[in-house]
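The values are calculated or read from the model by the stated rules, or taken from the named source; none is laboratory data. Here the structure is a predicted model, which means the values were calculated and not measured. Every residue, glycine among them, receives a Cβ derived from its backbone with ideal geometry; neighbour counts consider all protein chains shown.
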Amino acid sequence: MNEISAPRPNNLDAFWMPFTDNKYFKANPRLLYRAEGMSYFTPEGREVLDGTAGLWCCNAGHGRREITEAIQKQAALMDFAPTFNLGHPIAFEAAARVAEMTPDGIDRVFFTNSGSESADTALKIALAYHKARRESSRVRLVGRERGYHGVGFGGITVGGIGPNRKQFGALLPYADHLPHTHLPAKNAFSRGQPEHGAELADALEAIVALHGAETIAAVMVEPVAGSTGVLVPPLGYLQRLRELCTRHGILLIFDEVITGFGRLGTNFGSERLGVTPDIITMAKGLTNAAVPMGAVATSQTVYDTIVDGVAGGIELFHGYTYSGHPLASAAAVATLELHRAEDLPGRARAIEPYWQDAIHSLKDRPNVIDTRDFGLIGGIELAPRPGKPGTRAMDIFRRCFDAGVLVRVTGDIVALSPPLIVERPHVDRLIGTLADAITAEAA
Ligand SMILES: Cc1ncc(COP(=O)(O)O)c(C=O)c1O
């Protein structure tokens, strides 16, 4: 492939870019054209090391031949077929593969096309579950401050990132939020799970006391909050949340869109953290992002309650034209086979100590007020510039990109999540470039 012959857009106007400063970007475009292994390449052929697995999704690295060929083969065999009252073998195979990886007992799989759709699907399943149990008063949904569950109305209602909510009116009724778990005064520079904060889960008791357990359908949290800037759960926090949900008959939903598929060194984060929820949402790494796909895995009890709750006919009035799309299913089967064959979670586990040291080596750089890590995730929090929050990290992002390294920023936090095939020299280059950029932006 010759990047020099890459087509160049001559008009950037039409594409309204998501979560982007459109005016700035269109005046200062940064384009990616090709990807392979650990790297992107710009249209001019300049290599950019991927420190973020795209957007937390290309866990097996880019341009994996096995996945590409599976998609090509499936496209030639059957481009599309509905899954409403019909089926095709590859979708069932993809679901079975997912069920092999999820924790024991969480083995019924509903397909969506994204993390956002997975979040809204999970919330709808929770409501349908209680209705099927004749507990239709359970309509209240509980999320957490600083949580991110995509951009659907359900997801932003239980999500807790202010800017993602404030443009969009009243959202869904009957939602509450647990406090976030970020305690910098006690936990700054923690290695792995922070020590303090398990008791923050007890806020659920206050919500139960206020509204009554009989009104609450579900609690949805990310095991590790990523998009808000890498918040690692305090030791014991998720265990306590699990106990409280069980005690009050509330379904616990883990949004594993970024922690699924090896990111924490296990197939799902639940396994690493030792807590099994009732429902798991996923997307991203499911297909290595080669074709959009998400999924919701539920316990057999949740599935049976809804499916056996009606005598005949459709049991759940929910689904997408593309649920179990043949190309996405083929990509999922090939991706999950790669995970197994190459033991990608094992690779993540093996490099985690080196990664952890590298992340925390940034702690003495100027303006660094916290470094945190878990699995193959790193977060570096910077002191905001007075009166200009977010600009320091954004300038670091741009500086890194121009120096050949892709990082992600959210507010004044740099979030790192490389493909799980990352090796020590990549880590050195990623962290070295970031260290230089942090220092340069302090000047
Ligand atoms: C935890 C979590 N949930 C949901 C989503 C939304 O996924 P999507 O952008 O595919 O809709 C994301 C995306 O980053 C996420 O991190």
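Would you be able to tell me the number of residues in the stretch 351-380 that are more than 19 Å from residue 428 (Cα to Cα) and either assigned to a strand (DSSP E or B) or assigned by TED's automatic domain parsing to the domain that holds residue 184 (or both)? Number of matching residues: 2. Scoring residue 290 on the criteria (1) within 16 Å of the ligand (Cβ to nearest atom); (2) of a type in the set (A, V, I, L, M); (3) part of a helix (DSSP H, G or I) leaves a single failure, condition (3). For beta carbons closer than 9 Å, sequence separation of 6+ or different chains, a first residue in the stretch 346-373 that is at pLDDT below 95 and a second that is not in a helix (DSSP H, G or I), there are no qualifying pairs.
Of the set (1) part of a loop (DSSP other than H, G, I, E, B); (2) without any contact (Cβ under 8 Å) to a residue 40 or more places away in the chain; (3) of a type in the set (D, E, K, R), all apply to residue 79 but (2).
Name the residues in the stretch 293-345 that are within 16 Å of the ligand (Cβ to nearest atom) and not hydroxyl-bearing (Ser, Thr, Tyr), would you? 293, 294, 295, 296, 297, 325, 328, 331, 332, listed by residue number. When 146, 134 are checked against the criterion of being surrounded by fewer than 15 Cβ atoms within 10 Å (Cβ to Cβ) and either more than 16 Å from the ligand (Cβ to nearest atom) or in the same structural domain as residue 315 (by TED's automatic domain parsing) (or both), 134 stands alone in meeting it.
Would the stretch 168-189 turn up any residue that is within 22 Å of residue 324 (Cα to Cα) and either within 16 Å of the ligand (Cβ to nearest atom) or small (Gly, Ala, Ser) (or both)? Within the stretch 168-189, none of the residues are within 22 Å of residue 324 (Cα to Cα) and either within 16 Å of the ligand (Cβ to nearest atom) or small (Gly, Ala, Ser) (or both). Of 241, 251, all but one fail to be surrounded by 19 or more Cβ atoms within 10 Å (Cβ to Cβ), more than 19 Å from the chain's Cα centre (by Cα) and within 21 Å of residue 99 (Cβ to Cβ); the exception is 251. Of all residues in the stretch 402-432, those satisfying the criterion of being in a helix (DSSP H, G or I) and crowded, with 19+ Cβ neighbours inside 10 Å are 426, 427, 430, 431. Does the stretch 400-443 hold any residues that are acidic (Asp, Glu) and either within 18 Å of residue 39 (Cα to Cα) or touching a Ser or Thr at 6+ places or on another chain (Cβ under 9 Å) (or both), and which are they? Within the stretch 400-443, 402, 412, 423, 428 qualify.
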